[in-house]
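Accompanying notes for the structure given below.
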């Protein structure tokens, strides 16, 4: 399943860090951050609990870029 989320991030480098953090999160098959559009596309693994996985994605993104936001 693929979902798109609105994000808030200050720079392209920070968006890149968010993308890498999201990709490393359990339950995420793939993730892409579009800095210009301020959107994150997330492809979830089969059977993943989307809400739970996205909470983990946000937590992991905050570790690399503490002032970022993902609107869940």
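Where only DSSP H runs of four or more residues are counted, the chain gives -12000 deg cm²/dmol as its mean residue ellipticity at 222 nm, each run worth -39500 (n - 2.57).
Over the chain, all Cα pairs binned in 5 Å intervals from 0 give whole-percent P(r) values of 3, 20, 35, 27, 11, 4, 0, listed from short to long. Listed from fewest to most Cβ neighbours within 10 Å, the set 66, 49 follows the order 66, 49. The length gained by stretching the chain between residue 67 and residue 45 to full extension, at 0.36 nm per residue less their Cα-Cα distance, is 5.2 nm. Using the Cβ-Cβ distance between residue 56 and residue 36 with R0 set to 30 Å, the FRET efficiency works out to roughly 0.70.
The residues 40, 54, when put in order of fewest to most other Cβ atoms within 10 Å, stand as 54, 40.
Computed from the coordinates by the stated procedures, all read-outs in this text should not be read as laboratory data. From a predicted model like this one, the values you see are computed outputs, not experimental measurements. Cβ atoms come from the backbone with ideal geometry, glycine included; neighbour counts cover every protein chain shown.
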